[in-house]
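Q: Once you've had a glance at the structure underneath, I'll fire off some questions.
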Amino acid sequence: MTVAIDRATGKRRGDAPRPGLGQRLKHGYQKHWYAYVMIAPVVVVLGVLVLYPLGYGLYLTLTDANSLNTARTIGVNEIEATYKFIGLDNYADILWGETAYDRFWSHFIWTIVWTAACVALHYTLGLGLALLLNQKLRGRTFYRLILVLPWAVPTFVTVFGWRFMLADGGIINSALESLHLPTPLWLEDSFWQRFAAIMVNTWCGVPFMMVSLLGGLQSIDSSLYEAAEMDGANAWQRFRYVTLPGLRSVSSTVVLLGIIWTFNQFAVIFLLFGNTAPDAQILVTWAYYLGFGQQPRDFAQSAAYGILLLAILIVFTSFYRRWLNRNEQQLAI
């Protein structure tokens, strides 16, 4: 029997009823079973590596779990878990408790400053180097290879190298002392710890930004520059009205990725200072300290920090994408 659909009402006409959800799923599986088979391994891996840890971590945030009341084995003795459900008390303690500023808000403010400073330096220096490498220079391939090395070298090797150079007897302070300049306590003083962290992370992050923006520059049609030059535009005007608009899509993507990566940049802070720089700890390293760097280890609050980090990034990403879409609509008009 043929079933027609009323265009005015969008309802089905005829005697045949609409199939139920189970029938539709069964029909879809029979028709596209190969697609379900292809994506099944990916779903299983994501479930095991992402969804289960995320769900279990969310559950821990609603308890008072720590290293003293969780299930554990000591010798031949198996101790059962004794932690209990406490609801949203962990979140309330982190955000509004008596020590909320020292334990969360101070680290949150520093994390925002750290992220903004690093991403701004990444983009500015990366764009400047990309503009230079986009010119016809002798040995341009060699320069590209040298500038990509900080990104190609493993992060822990780079950070340990910087830690040796920033030590009291390191090459940086030795050079400053030979020039009769002050020798900062890079790894001891709070201000210089933060300065050193931004400097090392900038060294690690600029090559990615440079390579991405260089690809964006090479995709801009050269005829646009020729037309602008014929209209009498100077170098700054060509950069402002041709280069920057041509890099808009690439810039929006790499800046968003840079913010997410820098906001959660664990390796640089932890490998550079460990647990010896409380004022330089960002939220992700502070969460690690609560869960694994103190006794008793506070699993519940550490997991709560992780959920808060996820929530902050989701909210920021949604507003960032909405802002970009609004700007694109205004430019289209």
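The values are calculated or read from the model by the stated rules, or taken from the named source; none is laboratory data. What you are looking at is a predicted structure, and each value in this text was computed from that prediction instead of being measured. Heads up, the Cβs are rebuilt from the backbone with ideal geometry, glycines too, and the neighbour counts pull from every protein chain shown. Keep in mind that these areas ignore ligands, DNA and RNA; they rest on the heavy atoms of the full protein, side chains included. Shrake-Rupley method; radii C 1.70, N 1.55, O 1.52, S 1.80 Å.
Q: Rounded if a/c is under 1.5, else prolate if a/b beats b/c, else oblate: with a ≥ b ≥ c from the C-alpha gyration tensor eigenvalues square-rooted, which is segment 179-307?
A: Values: a/c = 4.43, a/b = 2.04, b/c = 2.17.
Oblate shape, in that a/c is at least 1.5 and b/c is the bigger or equal ratio.
Q: If the elastic network links every pair of Cα atoms under 10 Å, which of Asn77, Asn264, Asn173 fluctuates the most in the Gaussian network model of the chain?
A: Fluctuation is largest for Asn77.
Q: Could you pull out every whole DSSP H run in the chain that spans at least 24 Å of Cα extent along its own axis and averages 0.0 or higher on the Kyte-Doolittle scale?
A: Details: long enough: 21-46 (28 Å, 0.37); 106-133 (40 Å, 1.55); 190-218 (42 Å, 0.92); 299-332 (49 Å, 0.51).
Correct list, ordered by number: 21-46, 106-133, 190-218, 299-332.
Q: On to the next question. Report ³J(HN,Hα) in whole Hz for each residue of segment 234-241, in order, from the Karplus equation J = 6.51 cos²θ - 1.76 cosθ + 1.60 where θ = phi - 60°; Gly and Pro get x.
A: Coupling constants for segment 234-241: 7, 4, 5, 5, 5, 5, 6, 9 Hz.
Q: Give the long-range amide H neighbours of Thr63: residues separated by 5 or more places, or on another chain, with amide H under 5 Å away, using H modelled in the peptide plane at 1.01 Å from N.
A: Correct list: Ile86.
Q: Send over a whole-number figure in Å² for the accessible area per residue of the chain, probe 1.4 Å. Present the calculation step by step, with values, prior to reporting the outcome.
A: On the way: 21250 Å² over 333 residues.
Spelled out: the 1.4 Å probe surface of the chain, per residue, equals 64 Å².
Q: Take the alpha-carbon centre of segment 90-106, take the same for segment 168-199, and report the distance between them in whole Å.
A: 33 Å
Q: Something else about it: Projecting each Cα onto the charge dipole of the chain (Lys/Arg +1, Asp/Glu -1 at the beta carbon, about the Cα centre), which of Thr115, Leu217, Asn264 comes out farthest on the positive side?
A: The residue sitting farthest along the positive end of the dipole is Leu217.
Q: Continuing with the same structure: What does the net charge come to around Arg238 if you take all other residues with beta carbon closer than 15 Å to its beta carbon, with K and R at +1 and D and E at -1? Working shown, then result.
A: Values: positive: Arg240; negative: Asp221, Glu226, Glu229, Asp231.
Local net charge: -3.
Q: Then there's this: Among all stretches of the chain without exposed GluC sites (Glu not before Pro) (DSSP loop, at most 16 other Cβ atoms within 10 Å), which one is longest?
A: Details: sites that count: Glu80, Glu98, Glu188.
Answer from the scan: 189-333.
Q: Where in the chain is the longest stretch that carries no trypsin sites (Lys or Arg not before Pro) classed as loop by DSSP and with at most 15 other Cβ atoms within 10 Å? Show your work: numbers first, answer last.
A: Details: sites that count: Arg7, Lys11, Lys84, Lys136, Arg138.
The reported range is 139-333.
Q: Quick check on the chain: take the gyration tensor over C-alpha atoms, sort the square-rooted eigenvalues as a ≥ b ≥ c, and tell me if it's rounded (a/c under 1.5), prolate or oblate.
A: Details: a/c = 2.25, a/b = 1.09, b/c = 2.06.
Oblate.
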